[in-house]
Amino acid sequence: RLSRLCQQAPGRHEKEEERRPGDLRALLERDFSMESPHFPKTVSEAVARLVKWKKAITLVLDSQRTYLKLENAKFAERKLVEARMWSMEVPGQYEGIGAPSPDHHIRVDRIDPYVKVVRRTAKLTRIVRIIGGNGKSYYFSTRSYIAAPKRTEDRMLQVMSYVNNVLAKTMGTRRRNLQFKVPTFIYMTILLKLVSIDQSYVSFSDILEKHCEEEGKNGDEMLADAVHRSTGSTYEVMRKKIGDKVLVKYFSLRIPSPSALFLFRQQFTHQLALHSMLCYVFGIIDRLPEHYIVSRSNGTILSQDMAMSLDETGKIAVKDAVPFRFTVNLVRFITSIGMEGPFRGVFGSSAAALLGKKAHMKSLITLLMLDELKGMQVKALEENVAKGRKQDPNTIVTAPDFFKPIPSVRDIAYSNVDEMVKKIKYVVPVPVQPVKTPSHQTLAPCDLRVQEVMERAQNRSNLAKMAVGWYPWF
């Protein structure tokens, strides 16, 4: 999170008047570089410095302009001004199902000459508004990279699009209208892309920040105090301070009627179960609050920065104590009835839908896994080259030995896919089995294993093992 803040720190700007004195990156390295004599000696000291730096950089971000002229923005955005509008279609209209019909697609009428700049949690986001020929507005946020992206998130979006097709063709999931919300990505350059968004979306971290502001609390200061003074578990201290009604209060005050709240909670539960199933099967880690974005109008959820947990050899190795994010506030909002009914039903039925298309799914996921491993190979090569050049500029460095033979990469991909299929089989509902007890005979639920995974995800001991930056108490 701090690294994302530092990426937005003022350094080089296009205009002279936008420069600020000093270089925050140099000061940051002085405070947090392990080679620096000022490196913090205790965890509480490190947390206190992080809180100080977050305040400082947040003030810098809040002082930036709220609107930019499109012609004064980056080169990739200036190309939008020079484009012929009626020769362009509004992006995101073709969903990949059936043949495209360009004659029925909406054309771009014009592009708003002003780019809105908003701060979302720890970074600045630029929002471009495109007005279509039908008079509607379509919003896209810009996402930039310091280095060329490895396309990991794009591959996961391809997986979600494929899962949507499977869910739409399976009776049990089609009746529940289960679908992932897949945003549209438009690459302007290799380092910049546009992502379709909705103005009603808000992240979990924004909700937590708003709650602390309304309660007159500072979440970072409470965290620093808990780390410094608490003799027990930081998780238990923060859970009591934050509470488990943050989501309940936020949405209850902003949704007009009980019936609308009921429908919102139902859709939210379905979406959370789908994303939880995906995280469990594919071993997706680092599901921070800022990575979950929920629509305040219909309860759909977007997941950002999705990446599988792979070890040095490319095999799936989930090190987190919990399989997916299922914290106390989420549990309290969807209620116990939502957990026992919609959540478990969606989790198990979506896994069963994937198992029904096992052969085709294995072929597709294997191809995507091969691309992911090739990306790891390129990244490892770049790191070795950079390390070798730092030691000797004339040294020629090659890729690691375990990535050289291509057949071994295929074996790793097949092994990862087999591991995913095992996880799917584990949570697929099974026929009801009788369970004998000393007093009577009962029937075990068909989705008992789904219940076991859910209990592991919300277990307080497991949540207490998660990193502080994961916000396990929210």
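Side notes on the structure shown:
- Taken as a whole, the structure leaves PHE326 outside the set of residues that are touching a residue at least 40 places away in the same chain (Cβ under 8 Å), within 14 Å of GLN458 (Cβ to Cβ), in a helix (DSSP H, G or I) and of a type in the set (A, V, I, L, M, F, W, C).
- For segment 198-208, the criterion of being open to solvent by 30 Å² or more (accessible area, probe 1.4 Å) and part of a helix (DSSP H, G or I) is met by at least one residue.
- Taking the conditions (1) of a type in the set (Lys, Arg); (2) modelled with pLDDT under 60; (3) under 24 Å from ARG143 (Cβ atoms) in turn, ARG84 satisfies each one other than (3).
- Hits in segment 39-64 - residues which are free of Cβ contacts under 8 Å to residues at least 24 places away in the same chain and open to solvent by less than 90 Å² (accessible area, probe 1.4 Å): PHE39, PRO40, THR42, GLU45, ALA46, ARG49, SER63
- Selection count, segment 1-59, where residues are at pLDDT 50 or above, in contact with a Ser or Thr (Cβ under 8 Å, 6 or more places away or on another chain) and not basic (Lys, Arg): 2
- Flag if GLN377 is at pLDDT below 80, polar (S, T, N, Q) and surrounded by 15 or more Cβ atoms within 10 Å (Cβ to Cβ): yes
Okay, residues lined up against (1) polar (S, T, N, Q); (2) buried (at least 16 other Cβ atoms within 10 Å of the Cβ); (3) closer than 25 Å to MET420 by Cα; (4) touching a helix residue (DSSP H, G or I) at 6+ places or on another chain (Cβ under 7 Å):
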residue	(1), (2), (3), (4)
LEU253	no, no, no, no
ALA260	no, no, no, no
THR269	yes, yes, yes, yes
PHE282	no, yes, yes, yes
GLU290	no, yes, no, yes
ASP305	no, no, yes, yes
ASP311	no, no, yes, no
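- The selection criterion, being part of a strand (DSSP E or B), closer than 30 Å to VAL248 by Cβ and modelled with pLDDT of 90 or more, does not hold for VAL331.
The values are calculated or read from the model by the stated rules, or taken from the named source; none is laboratory data. Only a predicted model underlies this, so the values are computations on that prediction, with no experimental measurement involved. Here Cβ is always computed from backbone atoms with ideal geometry, including for glycine, and neighbour counts include all displayed protein chains. For the accessible areas, the whole protein counts, side chains as well, though only heavy atoms, and no ligand, DNA or RNA atoms are used. Shrake-Rupley method; radii C 1.70, N 1.55, O 1.52, S 1.80 Å.
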